[in-house]
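See below for the structure under consideration.
The values are calculated or read from the model by the stated rules, or taken from the named source; none is laboratory data. Since this is a predicted model, take the numbers as computed values, not measurements. Don't worry about glycine lacking a Cβ; one is built from the backbone with ideal geometry, like all the others, and counts go over all protein chains shown. Surface areas here come from the heavy atoms of the whole protein model, side chains and all, with no ligands, DNA or RNA. Shrake-Rupley method; radii C 1.70, N 1.55, O 1.52, S 1.80 Å.
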Amino acid sequence: MRTIEFTDTTFRDAHQSLLATRMTTDEILGIANVADKIGYHSFEMWGGATFDSCIRYLNEDPWERLRKIRKSAKRTKLQMLLRGQNILGYKNYPDDIVEKFVFLAVKNGIDIIRIFDALNDMRNLRTAIEATLKSGAHAQGAICYTISPVHTLELYIRNVQDLVEMGCQSICIKDMAGLMTPKNAYDLVKAIKNRFDIPVQVHAHFTTGLADMAYYAAIEAGADVVDTAISSLAYGTSQPGIEPIAYSIEEMPDLKTRINFDLLPQVAEYFREVRSNHKDTDANIKGIDIRVLASQVPGGMLSNLMHQLAAQNKMDKYGDVLREIPRVRKDLGYPPLVTPTSQLVGVQAVLNVINGERYKVIPNEVKEYIKGFYGRPPAPIDPDLKEKAIGNERTIDVRPANLLPPVFDEMKRKLGNLAETDEDVLTYALFPTVARNFLSLRYQGKIGVDFSLVEEMEKISSDIPYYPV
Ligand code: CO
(Lines give C-alpha, C1' and ligand atoms only; values in the text may rest on other atoms or scores of the structure.)
Protein backbone atom coordinates (compact mmCIF):
# COMPACT_ATOMS: atom_id res chain seq x y z
CA MET A 1 0.00 0.00 0.00
CA ARG A 2 1.52 3.31 -1.08
CA THR A 3 0.66 6.59 0.62
CA ILE A 4 0.35 9.49 -1.79
CA GLU A 5 1.28 12.81 -0.22
CA PHE A 6 0.19 16.37 -1.01
CA THR A 7 1.95 19.69 -0.95
CA ASP A 8 -0.61 22.43 -0.48
CA THR A 9 0.24 25.51 -2.56
CA THR A 10 -2.64 27.68 -1.35
CA PHE A 11 -0.32 30.04 0.58
CA ARG A 12 2.08 30.56 -2.36
CA ASP A 13 1.51 29.47 -5.93
CA ALA A 14 -2.30 29.45 -5.84
CA HIS A 15 -2.72 33.12 -4.96
CA GLN A 16 0.32 34.04 -7.04
CA SER A 17 -1.37 32.44 -10.05
CA LEU A 18 -4.90 33.70 -9.36
CA LEU A 19 -4.77 36.84 -7.19
CA ALA A 20 -1.51 38.58 -8.19
CA THR A 21 0.07 37.32 -4.92
CA ARG A 22 -1.97 39.58 -2.65
CA MET A 23 -2.97 37.13 0.12
CA THR A 24 -2.00 38.64 3.49
CA THR A 25 -0.37 36.98 6.48
CA ASP A 26 -3.55 37.51 8.54
CA GLU A 27 -5.58 35.74 5.87
CA ILE A 28 -3.18 32.79 6.07
CA LEU A 29 -3.11 32.76 9.87
CA GLY A 30 -6.91 32.77 10.00
CA ILE A 31 -6.91 29.11 8.92
CA ALA A 32 -3.30 27.85 9.20
CA ASN A 33 -3.93 25.91 12.42
CA VAL A 34 -6.90 24.09 10.82
CA ALA A 35 -5.10 23.42 7.53
CA ASP A 36 -2.21 22.12 9.64
CA LYS A 37 -4.43 19.20 10.71
CA ILE A 38 -5.41 18.12 7.19
CA GLY A 39 -2.37 15.90 6.80
CA TYR A 40 -0.50 17.64 4.04
CA HIS A 41 3.09 16.68 3.38
CA SER A 42 3.99 20.38 3.28
CA PHE A 43 2.73 23.91 2.83
CA GLU A 44 4.42 25.72 0.02
CA MET A 45 4.25 29.20 1.52
CA TRP A 46 7.32 31.22 0.48
CA GLY A 47 8.85 32.18 -2.82
CA GLY A 48 10.01 35.12 -4.90
CA ALA A 49 6.65 36.72 -5.63
CA THR A 50 5.23 36.28 -2.11
CA PHE A 51 8.37 37.83 -0.63
CA ASP A 52 8.31 40.73 -3.08
CA SER A 53 4.58 41.31 -2.62
CA CYS A 54 4.95 41.48 1.18
CA ILE A 55 7.30 44.46 1.05
CA ARG A 56 5.99 46.05 -2.16
CA TYR A 57 2.23 45.98 -1.61
CA LEU A 58 1.34 44.63 1.81
CA ASN A 59 3.77 46.43 4.16
CA GLU A 60 4.57 43.12 5.79
CA ASP A 61 7.90 41.64 6.74
CA PRO A 62 8.20 38.40 4.74
CA TRP A 63 10.51 36.88 7.38
CA GLU A 64 7.91 37.55 10.01
CA ARG A 65 5.26 35.89 7.84
CA LEU A 66 7.45 32.79 7.78
CA ARG A 67 7.90 32.84 11.56
CA LYS A 68 4.19 33.34 12.23
CA ILE A 69 3.15 30.49 9.94
CA ARG A 70 5.79 28.27 11.54
CA LYS A 71 4.37 29.09 14.94
CA SER A 72 0.77 28.25 14.04
CA ALA A 73 1.48 25.21 11.84
CA LYS A 74 3.83 22.85 13.60
CA ARG A 75 2.74 19.51 12.13
CA THR A 76 3.17 20.36 8.48
CA LYS A 77 6.50 20.94 6.82
CA LEU A 78 7.09 24.43 5.45
CA GLN A 79 8.38 24.55 1.94
CA MET A 80 9.76 27.31 -0.24
CA LEU A 81 10.61 27.77 -3.88
CA LEU A 82 14.11 29.05 -4.60
CA ARG A 83 15.30 30.18 -8.02
CA GLY A 84 18.77 28.67 -7.64
CA GLN A 85 21.46 31.32 -7.92
CA ASN A 86 18.70 33.92 -8.55
CA ILE A 87 17.34 33.20 -5.04
CA LEU A 88 14.05 35.14 -5.16
CA GLY A 89 15.07 37.63 -7.80
CA TYR A 90 15.69 37.96 -11.49
CA LYS A 91 19.48 37.76 -11.79
CA ASN A 92 22.40 35.81 -10.38
CA TYR A 93 23.57 36.71 -6.88
CA PRO A 94 26.99 36.03 -5.39
CA ASP A 95 27.45 32.78 -3.46
CA ASP A 96 27.68 34.53 -0.08
CA ILE A 97 24.15 35.91 -0.50
CA VAL A 98 22.76 32.52 -1.60
CA GLU A 99 24.37 30.74 1.36
CA LYS A 100 23.27 33.32 3.91
CA PHE A 101 19.74 33.36 2.52
CA VAL A 102 19.34 29.59 2.67
CA PHE A 103 20.76 29.43 6.18
CA LEU A 104 18.42 32.13 7.51
CA ALA A 105 15.37 30.74 5.69
CA VAL A 106 15.94 27.43 7.48
CA LYS A 107 16.63 29.14 10.78
CA ASN A 108 13.31 31.00 10.48
CA GLY A 109 11.32 27.82 9.90
CA ILE A 110 11.72 26.44 6.36
CA ASP A 111 12.00 22.61 6.17
CA ILE A 112 12.12 21.91 2.45
CA ILE A 113 13.72 24.03 -0.27
CA ARG A 114 12.72 23.34 -3.85
CA ILE A 115 15.52 24.62 -6.03
CA PHE A 116 15.35 25.20 -9.76
CA ASP A 117 17.07 27.07 -12.53
CA ALA A 118 15.08 28.56 -15.38
CA LEU A 119 17.48 27.13 -17.96
CA ASN A 120 17.98 23.81 -16.13
CA ASP A 121 21.62 24.84 -16.01
CA MET A 122 22.51 22.65 -13.06
CA ARG A 123 25.62 24.68 -12.26
CA ASN A 124 23.23 27.38 -11.04
CA LEU A 125 21.78 25.05 -8.38
CA ARG A 126 24.96 23.83 -6.76
CA THR A 127 25.52 26.54 -4.15
CA ALA A 128 21.89 26.52 -3.01
CA ILE A 129 21.77 22.71 -2.77
CA GLU A 130 24.99 22.57 -0.76
CA ALA A 131 23.83 25.34 1.58
CA THR A 132 20.47 23.60 2.11
CA LEU A 133 22.14 20.33 3.01
CA LYS A 134 24.59 22.09 5.31
CA SER A 135 21.75 23.86 7.12
CA GLY A 136 19.98 20.55 7.78
CA ALA A 137 16.96 21.17 5.56
CA HIS A 138 15.67 18.95 2.78
CA ALA A 139 17.04 19.83 -0.67
CA GLN A 140 14.61 19.13 -3.47
CA GLY A 141 16.05 19.56 -6.94
CA ALA A 142 13.58 20.63 -9.61
CA ILE A 143 13.68 20.21 -13.34
CA CYS A 144 11.65 22.72 -15.33
CA TYR A 145 9.42 20.79 -17.68
CA THR A 146 9.00 22.19 -21.14
CA ILE A 147 8.50 21.01 -24.70
CA SER A 148 11.05 21.62 -27.43
CA PRO A 149 13.11 19.63 -29.91
CA VAL A 150 15.99 19.49 -27.41
CA HIS A 151 13.98 18.61 -24.29
CA THR A 152 14.04 14.84 -24.59
CA LEU A 153 13.57 12.19 -21.91
CA GLU A 154 17.35 11.62 -22.05
CA LEU A 155 18.06 15.27 -21.31
CA TYR A 156 15.76 15.24 -18.28
CA ILE A 157 17.37 12.06 -17.01
CA ARG A 158 20.80 13.71 -17.31
CA ASN A 159 19.41 16.69 -15.33
CA VAL A 160 18.12 14.35 -12.62
CA GLN A 161 21.46 12.53 -12.56
CA ASP A 162 23.19 15.87 -11.88
CA LEU A 163 20.72 16.69 -9.10
CA VAL A 164 21.19 13.31 -7.47
CA GLU A 165 24.98 13.65 -7.66
CA MET A 166 24.78 17.08 -6.02
CA GLY A 167 22.95 15.49 -3.08
CA CYS A 168 19.28 16.33 -3.69
CA GLN A 169 17.01 14.20 -1.50
CA SER A 170 13.99 14.37 -3.79
CA ILE A 171 13.16 15.44 -7.32
CA CYS A 172 10.41 17.74 -8.48
CA ILE A 173 9.08 17.84 -12.01
CA LYS A 174 8.03 21.46 -12.31
CA ASP A 175 5.47 22.00 -15.05
CA MET A 176 4.89 25.76 -14.88
CA ALA A 177 2.36 26.01 -17.68
CA GLY A 178 0.52 22.71 -17.36
CA LEU A 179 1.97 21.30 -20.58
CA MET A 180 2.52 17.77 -19.37
CA THR A 181 0.16 15.18 -20.83
CA PRO A 182 -0.67 11.99 -18.91
CA LYS A 183 1.57 9.99 -21.23
CA ASN A 184 4.56 12.28 -20.83
CA ALA A 185 4.03 12.43 -17.07
CA TYR A 186 3.93 8.65 -16.89
CA ASP A 187 7.01 8.19 -19.08
CA LEU A 188 9.10 10.80 -17.26
CA VAL A 189 8.25 9.62 -13.73
CA LYS A 190 8.75 5.99 -14.74
CA ALA A 191 12.12 6.78 -16.31
CA ILE A 192 13.28 8.58 -13.17
CA LYS A 193 11.99 5.84 -10.87
CA ASN A 194 13.64 3.15 -12.97
CA ARG A 195 17.01 4.85 -12.74
CA PHE A 196 17.04 6.40 -9.27
CA ASP A 197 15.85 5.43 -5.82
CA ILE A 198 14.51 8.86 -4.91
CA PRO A 199 11.11 10.43 -4.05
CA VAL A 200 9.49 12.18 -7.00
CA GLN A 201 7.07 15.07 -6.67
CA VAL A 202 5.03 16.64 -9.47
CA HIS A 203 4.10 20.30 -9.69
CA ALA A 204 1.73 21.35 -12.45
CA HIS A 205 -0.78 24.10 -13.24
CA PHE A 206 -4.34 23.49 -14.37
CA THR A 207 -4.04 26.08 -17.18
CA THR A 208 -4.61 23.64 -20.06
CA GLY A 209 -6.86 21.22 -18.16
CA LEU A 210 -4.29 18.41 -18.32
CA ALA A 211 -2.93 18.52 -14.78
CA ASP A 212 -5.42 16.22 -13.00
CA MET A 213 -4.88 13.51 -15.59
CA ALA A 214 -1.12 14.05 -15.61
CA TYR A 215 -1.04 13.71 -11.80
CA TYR A 216 -2.97 10.49 -11.91
CA ALA A 217 -0.68 9.05 -14.56
CA ALA A 218 2.38 10.24 -12.61
CA ILE A 219 1.07 8.53 -9.47
CA GLU A 220 0.54 5.30 -11.39
CA ALA A 221 4.14 5.56 -12.57
CA GLY A 222 5.34 5.87 -8.98
CA ALA A 223 5.22 9.60 -8.08
CA ASP A 224 5.15 10.09 -4.31
CA VAL A 225 3.87 13.63 -3.84
CA VAL A 226 1.71 15.99 -5.94
CA ASP A 227 1.12 19.72 -5.58
CA THR A 228 -2.49 20.79 -5.13
CA ALA A 229 -4.42 23.77 -3.80
CA ILE A 230 -7.69 23.89 -1.89
CA SER A 231 -10.49 23.84 -4.48
CA SER A 232 -11.62 27.46 -4.00
CA LEU A 233 -8.12 28.66 -4.97
CA ALA A 234 -7.40 25.88 -7.45
CA TYR A 235 -7.93 25.41 -11.20
CA GLY A 236 -7.60 28.11 -13.84
CA THR A 237 -3.90 28.98 -13.84
CA SER A 238 -3.47 27.57 -10.30
CA GLN A 239 -2.84 23.98 -9.21
CA PRO A 240 -5.49 21.25 -9.41
CA GLY A 241 -7.82 21.09 -6.39
CA ILE A 242 -6.91 18.49 -3.81
CA GLU A 243 -10.42 17.19 -3.17
CA PRO A 244 -11.18 15.10 -6.29
CA ILE A 245 -7.61 13.80 -6.53
CA ALA A 246 -7.39 12.66 -2.91
CA TYR A 247 -10.91 11.23 -3.17
CA SER A 248 -9.97 9.20 -6.26
CA ILE A 249 -6.79 7.90 -4.70
CA GLU A 250 -8.59 6.67 -1.58
CA GLU A 251 -10.72 4.40 -3.73
CA MET A 252 -7.75 2.57 -5.23
CA PRO A 253 -6.94 -0.72 -3.50
CA ASP A 254 -3.17 -0.14 -3.50
CA LEU A 255 -3.11 3.59 -2.67
CA LYS A 256 -4.05 5.74 0.31
CA THR A 257 -3.64 9.28 1.61
CA ARG A 258 -3.24 10.88 5.03
CA ILE A 259 -5.85 13.53 4.20
CA ASN A 260 -8.52 14.38 6.76
CA PHE A 261 -11.48 14.86 4.43
CA ASP A 262 -13.69 16.29 7.19
CA LEU A 263 -11.63 19.48 7.34
CA LEU A 264 -11.41 20.22 3.62
CA PRO A 265 -14.87 21.86 3.20
CA GLN A 266 -14.19 24.30 6.05
CA VAL A 267 -10.87 25.34 4.54
CA ALA A 268 -12.39 25.59 1.06
CA GLU A 269 -15.16 27.81 2.40
CA TYR A 270 -12.65 30.01 4.22
CA PHE A 271 -10.64 30.62 1.04
CA ARG A 272 -13.79 31.33 -0.97
CA GLU A 273 -14.23 34.31 1.31
CA VAL A 274 -10.54 35.26 1.21
CA ARG A 275 -10.75 35.21 -2.55
CA SER A 276 -13.68 37.62 -2.50
CA ASN A 277 -11.42 40.09 -0.60
CA HIS A 278 -9.22 40.27 -3.70
CA LYS A 279 -11.66 40.92 -6.52
CA ASP A 280 -9.50 43.83 -7.74
CA THR A 281 -6.55 41.56 -8.58
CA ASP A 282 -8.46 38.34 -9.32
CA ALA A 283 -7.75 37.63 -12.99
CA ASN A 284 -10.93 35.55 -12.82
CA ILE A 285 -9.76 33.15 -15.51
CA LYS A 286 -12.62 30.85 -16.40
CA GLY A 287 -12.08 27.29 -17.49
CA ILE A 288 -8.96 26.39 -19.41
CA ASP A 289 -6.84 27.93 -22.16
CA ILE A 290 -5.70 25.32 -24.64
CA ARG A 291 -3.72 27.91 -26.66
CA VAL A 292 -1.14 27.65 -23.89
CA LEU A 293 -0.12 24.28 -25.35
CA ALA A 294 1.30 26.21 -28.30
CA SER A 295 2.59 29.31 -26.49
CA GLN A 296 3.74 27.52 -23.27
CA VAL A 297 3.03 30.66 -21.24
CA PRO A 298 2.94 29.78 -17.51
CA GLY A 299 0.09 30.86 -15.24
CA GLY A 300 1.75 33.81 -13.56
CA MET A 301 3.09 35.13 -16.83
CA LEU A 302 -0.31 34.94 -18.49
CA SER A 303 -1.93 37.28 -15.99
CA ASN A 304 1.10 39.64 -16.13
CA LEU A 305 0.86 39.73 -19.89
CA MET A 306 -2.82 40.61 -19.80
CA HIS A 307 -2.15 43.38 -17.26
CA GLN A 308 0.66 44.73 -19.45
CA LEU A 309 -1.42 44.76 -22.63
CA ALA A 310 -4.50 46.15 -20.87
CA ALA A 311 -2.41 49.01 -19.39
CA GLN A 312 -1.34 49.98 -22.92
CA ASN A 313 -4.83 49.49 -24.30
CA LYS A 314 -3.51 46.73 -26.55
CA MET A 315 -5.64 43.77 -25.51
CA ASP A 316 -6.44 43.24 -29.20
CA LYS A 317 -2.78 42.15 -29.64
CA TYR A 318 -3.10 39.32 -27.09
CA GLY A 319 -3.36 36.62 -29.76
CA ASP A 320 -0.39 38.05 -31.69
CA VAL A 321 1.75 38.08 -28.57
CA LEU A 322 0.81 34.48 -27.76
CA ARG A 323 1.93 33.50 -31.27
CA GLU A 324 5.16 35.52 -31.04
CA ILE A 325 6.26 33.96 -27.74
CA PRO A 326 7.23 30.54 -29.17
CA ARG A 327 9.20 32.23 -31.97
CA VAL A 328 11.21 34.35 -29.53
CA ARG A 329 11.74 31.29 -27.38
CA LYS A 330 13.18 29.36 -30.32
CA ASP A 331 15.53 32.25 -31.18
CA LEU A 332 16.78 32.26 -27.57
CA GLY A 333 17.61 28.52 -27.53
CA TYR A 334 14.36 27.13 -26.12
CA PRO A 335 14.53 28.27 -22.49
CA PRO A 336 11.74 26.82 -20.34
CA LEU A 337 9.35 29.69 -19.55
CA VAL A 338 9.62 30.37 -15.84
CA THR A 339 10.94 33.33 -13.85
CA PRO A 340 13.09 35.05 -15.06
CA THR A 341 13.17 33.66 -18.63
CA SER A 342 9.38 34.01 -18.90
CA GLN A 343 9.78 37.76 -18.35
CA LEU A 344 12.63 38.04 -20.87
CA VAL A 345 10.72 36.19 -23.55
CA GLY A 346 7.40 37.84 -22.68
CA VAL A 347 8.74 41.40 -22.76
CA GLN A 348 10.63 40.74 -26.01
CA ALA A 349 7.53 39.23 -27.62
CA VAL A 350 5.38 42.20 -26.57
CA LEU A 351 8.00 44.62 -27.98
CA ASN A 352 8.23 42.68 -31.24
CA VAL A 353 4.45 42.84 -31.72
CA ILE A 354 3.82 46.39 -30.54
CA ASN A 355 6.72 47.88 -32.54
CA GLY A 356 5.58 46.06 -35.67
CA GLU A 357 9.16 44.87 -36.25
CA ARG A 358 10.95 41.95 -34.63
CA TYR A 359 13.94 42.87 -32.43
CA LYS A 360 13.74 46.59 -33.29
CA VAL A 361 14.17 47.08 -29.55
CA ILE A 362 16.10 44.53 -27.45
CA PRO A 363 16.04 45.10 -23.68
CA ASN A 364 19.28 45.00 -21.76
CA GLU A 365 18.24 41.83 -19.89
CA VAL A 366 17.83 39.96 -23.17
CA LYS A 367 21.31 41.10 -24.23
CA GLU A 368 22.73 39.85 -20.92
CA TYR A 369 20.97 36.52 -21.48
CA ILE A 370 22.50 36.25 -24.93
CA LYS A 371 25.94 36.96 -23.44
CA GLY A 372 25.52 34.02 -21.07
CA PHE A 373 24.93 35.86 -17.80
CA TYR A 374 21.89 33.73 -16.94
CA GLY A 375 23.63 30.46 -17.73
CA ARG A 376 23.72 28.05 -20.64
CA PRO A 377 20.55 27.92 -22.80
CA PRO A 378 19.30 24.42 -23.69
CA ALA A 379 20.06 25.04 -27.40
CA PRO A 380 22.26 27.55 -29.27
CA ILE A 381 20.95 31.09 -29.72
CA ASP A 382 19.95 32.13 -33.23
CA PRO A 383 23.17 33.56 -34.79
CA ASP A 384 21.37 36.47 -36.54
CA LEU A 385 19.71 37.55 -33.32
CA LYS A 386 23.03 37.24 -31.48
CA GLU A 387 24.77 39.41 -34.05
CA LYS A 388 22.00 42.00 -33.94
CA ALA A 389 21.82 42.08 -30.15
CA ILE A 390 25.46 42.08 -29.05
CA GLY A 391 27.65 42.26 -32.18
CA ASN A 392 31.18 41.31 -31.19
CA GLU A 393 30.73 41.81 -27.46
CA ARG A 394 32.20 39.23 -25.12
CA THR A 395 30.14 36.20 -24.05
CA ILE A 396 30.85 33.97 -21.04
CA ASP A 397 30.59 30.21 -20.62
CA VAL A 398 31.51 29.82 -16.95
CA ARG A 399 28.89 29.60 -14.20
CA PRO A 400 27.77 33.27 -14.07
CA ALA A 401 28.13 33.57 -10.28
CA ASN A 402 31.85 32.67 -10.57
CA LEU A 403 32.29 36.27 -11.68
CA LEU A 404 30.48 37.80 -8.69
CA PRO A 405 32.46 38.82 -5.58
CA PRO A 406 30.86 38.59 -2.10
CA VAL A 407 28.66 41.58 -1.22
CA PHE A 408 26.93 40.83 2.10
CA ASP A 409 29.19 42.95 4.31
CA GLU A 410 29.07 45.87 1.92
CA MET A 411 25.26 45.67 1.77
CA LYS A 412 25.12 45.65 5.55
CA ARG A 413 27.24 48.80 5.73
CA LYS A 414 25.14 50.51 3.07
CA LEU A 415 21.97 49.82 4.97
CA GLY A 416 23.29 51.15 8.28
CA ASN A 417 20.64 51.62 10.97
CA LEU A 418 17.88 50.34 8.73
CA ALA A 419 19.21 46.80 9.10
CA GLU A 420 18.08 45.46 12.44
CA THR A 421 18.92 41.88 11.47
CA ASP A 422 20.88 39.95 8.85
CA GLU A 423 17.50 39.01 7.38
CA ASP A 424 16.96 42.70 6.63
CA VAL A 425 20.27 42.84 4.76
CA LEU A 426 19.09 39.99 2.54
CA THR A 427 15.73 41.64 1.91
CA TYR A 428 17.73 44.66 0.77
CA ALA A 429 20.20 42.63 -1.31
CA LEU A 430 17.30 41.01 -3.18
CA PHE A 431 14.99 43.99 -3.68
CA PRO A 432 17.10 47.12 -3.05
CA THR A 433 14.66 49.92 -3.89
CA VAL A 434 11.50 48.41 -2.47
CA ALA A 435 13.35 47.10 0.59
CA ARG A 436 14.81 50.49 1.42
CA ASN A 437 11.32 52.05 1.43
CA PHE A 438 9.97 49.18 3.47
CA LEU A 439 12.80 49.18 6.01
CA SER A 440 12.58 52.99 6.37
CA LEU A 441 8.88 52.76 7.20
CA ARG A 442 9.62 50.02 9.70
CA TYR A 443 12.49 52.04 11.20
CA GLN A 444 10.07 54.93 11.68
CA GLY A 445 7.74 52.59 13.53
CA LYS A 446 5.05 52.72 10.86
CA ILE A 447 5.27 48.96 10.32
CA GLY A 448 5.49 46.72 13.37
CA VAL A 449 7.60 43.61 13.73
CA ASP A 450 7.78 41.17 16.63
CA PHE A 451 11.41 40.16 17.00
CA SER A 452 10.63 37.96 20.00
CA LEU A 453 9.45 35.35 17.53
CA VAL A 454 13.01 35.04 16.21
CA GLU A 455 14.08 33.41 19.48
CA GLU A 456 11.06 31.15 19.46
CA MET A 457 11.95 29.71 16.06
CA GLU A 458 15.03 28.15 17.59
CA LYS A 459 12.81 26.12 19.91
CA ILE A 460 10.28 24.92 17.35
CA SER A 461 11.73 21.89 15.71
CA SER A 462 9.72 20.15 13.09
CA ASP A 463 10.47 16.56 13.91
CA ILE A 464 8.23 14.92 11.34
CA PRO A 465 10.60 13.00 9.07
CA TYR A 466 10.52 13.73 5.39
CA TYR A 467 8.12 11.38 3.69
CA PRO A 468 8.87 9.11 1.92
CA VAL A 469 12.35 8.52 3.15
CO1 CO B 1 3.99 26.89 -10.17
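So here's what we get for this one:
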| read-out | value |
| --- | --- |
| Residue ID - nearest to the chain's Cα centre (by Cα), chosen from residues in the range 348-362 that are of a type in the set (A, V, I, L, M) and farther than 16 Å from Arg323 by Cβ | Ile362 |
| Exclusive hit being of a type outside the set (A, V, I, L, M, F, W, C), open to solvent by less than 10 Å² (accessible area, probe 1.4 Å) and either touching an Asp or Glu at 6+ places or on another chain (Cβ under 8 Å) or over 23 Å from Ile249 (Cβ atoms) (or both), set Arg67, Arg75 | Arg67 |
| Residue in the range 242-265 that is within 16 Å of the ligand (Cβ to nearest atom) and either at negative phi or out of contact with any Lys or Arg (no Cβ under 6 Å at 6 or more places or on another chain) (or both) present | yes |
| Restricting the range 265-284 to residues that are hydrophobic (A, V, I, L, M, F, W, C) and assigned to a helix (DSSP H, G or I), the residue that is farthest from Leu305 (Cα to Cα) | Val267 |
| Answer from Arg272, Arg327 - the residue that is out of contact with any Lys or Arg (no Cβ under 9 Å at 6 or more places or on another chain) and either open to solvent by less than 50 Å² (accessible area, probe 1.4 Å) or not aliphatic (A, V, I, L, M) (or both) | Arg272 |
| Hits in the range 151-170 (condition: open to solvent by 50 Å² or more (accessible area, probe 1.4 Å) and touching a residue at least 40 places away in the same chain (Cβ under 8 Å)) | Asp162, Gln169 |
| Members of the range 192-208 that are within 15 Å of the ligand (Cβ to nearest atom) and open to solvent by less than 20 Å² (accessible area, probe 1.4 Å) | Gln201, Val202, His203, Ala204, His205, Thr207, Thr208 |
| Pair list, Cβ under 9 Å, 6 or more apart: the range 428-448 residue assigned to a loop (DSSP other than H, G, I, E, B), other residue of a type in the set (Lys, Arg) | Phe431/Arg56; Gly448/Arg442 |
| Filter result for Met176 (under 20 Å from the mean Cα position of the chain (by Cα), of a type outside the set (Gly, Ala, Ser) and within 16 Å of the ligand (Cβ to nearest atom)) | yes |
| Members of the range 289-324 that are outside any helix (DSSP H, G or I) and within 16 Å of the ligand (Cβ to nearest atom) | Asp289, Gln296, Val297, Pro298 |
| Lone qualifier among Ala211, Ala229, Ala234 - being within 15 Å of the ligand (Cβ to nearest atom), surrounded by 21 or more Cβ atoms within 10 Å (Cβ to Cβ) and within 15 Å of Tyr40 (Cα to Cα) | Ala229 |
| Residue check for Ala49: within 16 Å of the ligand (Cβ to nearest atom), surrounded by fewer than 24 Cβ atoms within 10 Å (Cβ to Cβ) and within 28 Å of Gly167 (Cβ to Cβ) | yes |
| Residue that is within 16 Å of the ligand (Cβ to nearest atom), part of a strand (DSSP E or B) and under 22 Å from Leu264 (Cα atoms), where the choices are Phe11, Phe6 | Phe6 |
| Single match in Ile28, Ile38 (criterion: without any contact (Cβ under 8 Å) to a residue 60 or more places away in the chain, surrounded by 20 or more Cβ atoms within 10 Å (Cβ to Cβ), within 18 Å of Arg272 (Cβ to Cβ) and away from the ligand (no atom under 16 Å from the Cβ)) | Ile28 |
| Residue in the range 79-89 that is over 19 Å from the mean Cα position of the chain (by Cα) and modelled with pLDDT of 95 or more present | no |
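Residue-wise test of (1) in a helix (DSSP H, G or I); (2) farther than 24 Å from Gln266 by Cβ.
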{"site": "Met23", "(1), (2)": "no, no"}
{"site": "Glu27", "(1), (2)": "yes, no"}
{"site": "Asn33", "(1), (2)": "yes, no"}
{"site": "Lys37", "(1), (2)": "no, no"}
{"site": "Met45", "(1), (2)": "no, no"}
{"site": "Ile55", "(1), (2)": "yes, yes"}
{"site": "Glu60", "(1), (2)": "no, yes"}
{"site": "Trp63", "(1), (2)": "yes, yes"}
{"site": "Leu66", "(1), (2)": "yes, yes"}
